[in-house]
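Below is one structure, written out as structure tokens; comments come after it.
The values are calculated or read from the model by the stated rules, or taken from the named source; none is laboratory data. Keep in mind that what you see is a predicted model, and the values were worked out from it rather than measured. Every residue, glycine among them, receives a Cβ derived from its backbone with ideal geometry; neighbour counts consider all protein chains shown.
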Amino acid sequence: MKFAVIQFPGSNCDQDCVAGINGLNGLRAEYVWHKETSLDDFDAIVLPGGFAYGDYLRCGAIARFSPIMKAVINDARAGKLVLGTCNGFQILCEAGLLPGALVRNRSLRFVCDMATTRVEVDDSPFTHGCPKGTLLRLPVVPVAHGEGCFFADAQTLRDLNANQQVILRYADRRGRIVPEANPNGSIENIAGICNRERNIFGLMPHPDRASDARLGSADGAKIFLSMMETIRGSRCTTAAEHEKRVA
């Protein structure tokens, strides 16, 4: 199963993503330069962290217009799984694929800190095998950003909660959603959200840096492996439906 890792000028976690994914059985990741125009050969798409185009104007604002983004948007709307971490999350919001926005941290300073997140939705394509309330330990995965504070207006926030689109929240080691566990001031401690169709997921922490137990935690691998199982399940369903129609 092949994942595309998009490289923008200024991406700096693309290598982490490729290495993390390639270390998992059954998965293979390849770089895709931002000037490419097709992702037809890939089963899923990953927008990595970094500082695409130097974060000029604002994070993700220029990357959103890269040639490859037309393919990302088209494939996402067709149902292909898309994961955006850190800067990738910012790009997804700028592209209109996810609601809300990532704004300047409440501290008004760049934040680089360890993050623990709590799974809020256990039946998304990205959290299979993670019961609600599961803590994803990301001790080697700092959130590292200046604009990682998730914000949404009141109606959007109500919709996100009503539709179970909030996938992860920042929590302390006891699983409590408390202000002290929030590294950037994100509203309601939101660390990651998905779209209504649940095939696009953006989060600020880096699961790619916690995909190997030798680094202190392999919890981040659960997200990539969940994506793989989702794609396999979809293929099995499609095959069964085809056989039923033929019969």
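Can you tell me which residue within region 20-49, out of those that are among the small types (Gly, Ala, Ser) and either within 18 Å of residue 231 (Cα to Cα) or surrounded by 23 or more Cβ atoms within 10 Å (Cβ to Cβ) (or both), is farthest from the chain's Cα centre (by Cα)? Steps first, answer last, please.
Pass one, region 20-49, residues among the small types (Gly, Ala, Ser): 20, 23, 26, 29, 38, 44, 49.
So of that shortlist, the ones also either within 18 Å of residue 231 (Cα to Cα) or surrounded by 23 or more Cβ atoms within 10 Å (Cβ to Cβ) (or both) come out as 20, 26, 29, 44, 49.
Working: 20: 14, 26: 20, 29: 15, 44: 12, 49: 10 Å.
My answer is 26.
Which residues, taken from region 199-218, are modelled with pLDDT under 95 and either in a loop (DSSP other than H, G, I, E, B) or among the small types (Gly, Ala, Ser) (or both)? Please lay out each step first, then the result.
Quick first cut of region 199-218, residues modelled with pLDDT under 95 only: 204-218.
Within region 199-218, 204, 205, 206, 210, 211, 213, 216, 217, 218 meet the criteria.
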- Note on the structure: Among the residues of region 94-125, the number that are among the hydroxyl-bearing types (Ser, Thr, Tyr), out of contact with any strand residue (DSSP E or B) (no Cβ under 7 Å at 6 or more places or on another chain) and surrounded by 18 or more Cβ atoms within 10 Å (Cβ to Cβ) is 0
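So how many residues does region 148-160 have that are over 25 Å from residue 108 (Cα atoms) and more than 18 Å from the chain's Cα centre (by Cα)? Don't jump to the end; show me each part of the working.
Looking only at region 148-160, we keep the residues that are over 25 Å from residue 108 (Cα atoms), and these are 155, 158-160.
Checking the rest, the ones that are also more than 18 Å from the chain's Cα centre (by Cα) come to 155, 158-159.
Final tally of qualifying residues: 3.
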- Query: Is it true that residue 163 is touching a residue at least 12 places away in the same chain (Cβ under 8 Å), touching a Phe, Trp or Tyr at 6+ places or on another chain (Cβ under 6 Å) and either buried (at least 19 other Cβ atoms within 10 Å of the Cβ) or within 17 Å of residue 201 (Cβ to Cβ) (or both)?
  - Reply: no
- Task: Could you please find all residues in region 59-111 being part of a strand (DSSP E or B) and either farther than 18 Å from residue 201 by Cα or more than 13 Å from the chain's Cα centre (by Cα) (or both)?
- Result: 101, 102, 103, 111
